[in-house]
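The values are calculated or read from the model by the stated rules, or taken from the named source; none is laboratory data. Keep in mind that this is a model prediction, so the values were computed, not measured. For neighbour counting, all protein chains shown are included, and Cβ atoms are generated from backbone atoms with ideal geometry for every residue, glycine included.
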Number of protein chains: 2
Amino acid sequence: MIIAVDAMGGDLAPAEPVRGALLAHRSLGIDIALVGDPEAIRAELASHGATPSGIEIVPASEVIAMDEAPVRAVRQKKQASINVAMSQMKEGAASAVVSAGNTGAIMASALLKLGRVAGVERPAIGAMAPFTETGILILDVGANADCKPSYLEQFAYMGAVYMETVFGIERPRVGLLNIGEEETKGNELTQEVYARLKQSRLNFVGNIEPDRVHHGPVDVLVSDGFTGNIAVKVTEGVAEFIFGELKTAISSSLRYKLAALVLRPALMQMRSKMDYGEHGGAPLLGVNGVVIVAHGKADAQAMKNAVRLAQKAANSGMLDALRGALESPQSEGHKEAVAANPSSDETRA
Amino acid sequence: MIIAVDAMGGDLAPAEPVRGALLAHRSLGIDIALVGDPEAIRAELASHGATPSGIEIVPASEVIAMDEAPVRAVRQKKQASINVAMSQMKEGAASAVVSAGNTGAIMASALLKLGRVAGVERPAIGAMAPFTETGILILDVGANADCKPSYLEQFAYMGAVYMETVFGIERPRVGLLNIGEEETKGNELTQEVYARLKQSRLNFVGNIEPDRVHHGPVDVLVSDGFTGNIAVKVTEGVAEFIFGELKTAISSSLRYKLAALVLRPALMQMRSKMDYGEHGGAPLLGVNGVVIVAHGKADAQAMKNAVRLAQKAANSGMLDALRGALESPQSEGHKEAVAANPSSDETRA
């Protein structure tokens, strides 16, 4: 099995993706195709000693910048590293793609090259909230700012399949991110989604309030992409703010500094528990392939984790299970959605 | 000036509202009308010594529970404490109302008894994010789960007037809570609101990303009530989680416990900085009166802070400024909104 790593994607590319690939190969024995500018990749590899035989280079002559308009860039730059990486998967040369690049471009490239799984109206990006032992998959966290109820119903199925196949959780508990616990709470979207999930074959446990978003009694938390993005980013901002304040408070006196030195291991451990990157990356679900989106600022360690997750997902049978779950009718709502959107598998081979 | 305090509202009523009223009177010299069951209020007052002359009791024979359906309860229980408190303000006997009761009931009662300010389609509840020195007013945080663009434009004006009059901030900086900085980012709602705010007379500084929701460079942060509620509750949940984890980590060894003892003052100060209750309460803006919503679990200290905020708001000329800002046309969008909603001042005297 080979994992295609977009060597040109991310704020720290190509250095960190290349280092991460080496780490993954050396510590986990995963074979990797580094996709991008061969010169740049070779130079990076050379700085880390002899290149192992399990690391190959797949040339791609173009790069999509972090701030480029994704859809246009993906269509115009046919030789962009992310496009070439997706083609590798499409052709069966790679089993999964990992990229820390422009998220919109990863999504657009996956749609263009791989297409959607039949029955999926919109692919979603899931983030793994790392506050619990296994973690909670929150989706969508940004791919779809405006959602119809049927999208969220499909996100729920996709999330459940992911947690079941990749993390071995039986009958994953699915919750709906909402501003109140009761069925009648929320906006029009969440009220409609609640009704659909209640009738679905999923293990739906009801609404989850925002203060339990990271440690509620669920494995999958469903949301529209706007709200999910808000929840994840607010979390990061608050955690960063608190640890920043803690640092300032501690620095204000020698007494505090000495006490903090003693507490340091405990604080470091806590800090890492808040880190969305620890779980390795965000799966892009609903496309015909295994795609893991790493953080734009991912370092080698985070890239290694993302490669490991990609391998795990590719090995898990997740994609076939996803096809099975989404292609078969789940509920009336789902059937209608598919009927209203017969072209949903248009781009599939 | 008399502030009407709903003595029966909140999880800790009547004990904490009564104690809070006494605190506010004794430490700040504010005169207070305690609205509710006279027997219960008198019993509470008696347990704190002789009742000062600046504390009066206004009888109300009914109570709306925290979990009652708000609109129906407000209409059926005409003698509910929150209704009687609003009537006190309507009749000029009180200058403001403070309640820690059922938020929906406070809102419904305010609409029924006081009505909306002309030009306001929907009142909003603002929460004061306490992470910066002055604080940031986030609104709406839950009164309106589904919003039209015109609502958010009005929230922006209401928030700006509030921060200007009550907190003395000149030309308050108004931001829009959104999932990206650029004008084109977000969902349909935020994109439309961005365009409106850009054309408005307000000091609009653009989109604010969720990780800066508490310490971004703004004084007012505008959002639909669903998203605003998510942002505020996620914050509370994350802060609580981190401090909980900190406690667990610290308790795990004697070394840590001793170090934590030294750090305790710094940690306590930080904790209070995260507390939305510290700023005194959430204003209900857009109704014809000054209404401060205290947290359902507000203790005497929080109730005292809410009473102080109510007095400050009542003294500030906020309500007249709000009428001036909302009744005069701000933009084309606003004019359309008012034209489409000619009954917006129907309940006003």
(request) Evaluate the following for A:ALA266: is it assigned by TED's automatic domain parsing to the domain that holds A:PRO149, assigned to a helix (DSSP H, G or I) and free of Cβ contacts under 8 Å to residues at least 24 places away in the same chain? (result) yes
(message) Of all residues being touching a residue at least 60 places away in the same chain (Cβ under 8 Å) and surrounded by fewer than 24 Cβ atoms within 10 Å (Cβ to Cβ) in segment A:99-112, which is nearest to the chain's Cα centre (by Cα)? Just the residue, please.
(response) A:THR103
(request) Kindly check whether there is at least one residue in segment A:6-17 that is in a helix (DSSP H, G or I), under 23 Å from A:LYS312 (Cβ atoms) and either under 18 Å from the mean Cα position of the chain (by Cα) or not aromatic (Phe, Trp, Tyr) (or both). (result) yes
(message) Just the residues that are modelled with pLDDT of 95 or more and aliphatic (A, V, I, L, M), please, taken from segment B:268-292.
(response) B:LEU284, B:LEU285, B:VAL287, B:VAL290, B:VAL291, B:ILE292
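Do we find that A:GLU192 is more than 8 Å from chain B (Cβ to nearest Cβ), farther than 17 Å from B:THR227 by Cβ and not in a helix (DSSP H, G or I) in this structure?
For A:GLU192, the condition - more than 8 Å from chain B (Cβ to nearest Cβ), farther than 17 Å from B:THR227 by Cβ and not in a helix (DSSP H, G or I) - is not met.
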(request) Report those helices (runs of 4 or more DSSP H) wholly inside segment B:61-178 carrying at least 1 residues which are farther than 30 Å from B:ASP211 by Cβ and of a type in the set (D, E, K, R). (result) B:70-76, B:81-90, B:103-113
(request) Looking for whichever is surrounded by 24 or more Cβ atoms within 10 Å (Cβ to Cβ) and under 26 Å from B:ILE169 (Cβ atoms) here; the options are B:ALA129, B:ALA96. Which one fits? (result) B:ALA96
(message) Given the criteria aliphatic (A, V, I, L, M) and surrounded by fewer than 21 Cβ atoms within 10 Å (Cβ to Cβ), does A:VAL205 qualify?
(response) yes
(request) Could you look through segment A:219-236, keep only residues that are part of a helix (DSSP H, G or I) and under 22 Å from B:GLU245 (Cβ atoms), and pick out the one that is farthest from the other protein chains (Cβ to nearest Cβ)? (result) A:VAL232
(message) Looking at B:ASP299 and the list (1) out of contact with any strand residue (DSSP E or B) (no Cβ under 7 Å at 6 or more places or on another chain); (2) in the same structural domain as B:LEU189 (by TED's automatic domain parsing); (3) of a type in the set (Asp, Glu), which single condition is not satisfied?
(response) (2)
(message) Against the definition (modelled with pLDDT of 95 or more, among the aliphatic types (A, V, I, L, M) and in contact with a strand residue (DSSP E or B) (Cβ under 9 Å, 6 or more places away or on another chain)), how does A:ALA40 come out, yes or no?
(response) no
(request) Starting from residues that are within 7 Å of chain A (Cβ to nearest Cβ) and not acidic (Asp, Glu), keep the ones in segment B:237-251 and report whichever is surrounded by the fewest Cβ atoms within 10 Å (Cβ to Cβ). (result) B:ALA249
(request) Please work out if B:HIS295 is closer than 22 Å to B:ILE106 by Cα and either among the charged types (D, E, K, R) or modelled with pLDDT of 85 or more (or both). (result) yes
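On the basis of being touching a residue at least 40 places away in the same chain (Cβ under 8 Å), away from every other protein chain (no Cβ under 14 Å), touching a His at 6+ places or on another chain (Cβ under 8 Å) and more than 24 Å from B:PRO210 (Cβ to Cβ), does B:ALA298 make the cut?
It is false that B:ALA298 is touching a residue at least 40 places away in the same chain (Cβ under 8 Å), away from every other protein chain (no Cβ under 14 Å), touching a His at 6+ places or on another chain (Cβ under 8 Å) and more than 24 Å from B:PRO210 (Cβ to Cβ).
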(request) Confirm whether B:GLY216 is out of contact with any Leu (no Cβ under 7 Å at 6 or more places or on another chain), within 8 Å of chain A (Cβ to nearest Cβ) and under 30 Å from B:PRO172 (Cβ atoms). (result) no
(request) With the checklist (1) buried (at least 20 other Cβ atoms within 10 Å of the Cβ); (2) touching a Lys or Arg at 6+ places or on another chain (Cβ under 9 Å); (3) more than 12 Å from chain B (Cβ to nearest Cβ) in hand, flag the one item A:ASP140 doesn't pass. (result) (3)
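Considering A:PRO38, A:PRO52, A:PRO17, which residue is under 24 Å from A:GLY126 (Cα atoms) and not hydrophobic (A, V, I, L, M, F, W, C)? Steps first, please.
Numbers: A:PRO38 fails: under 24 Å from A:GLY126 (Cα atoms); A:PRO52 fails: under 24 Å from A:GLY126 (Cα atoms).
Every option except A:PRO17 fails the conditions.
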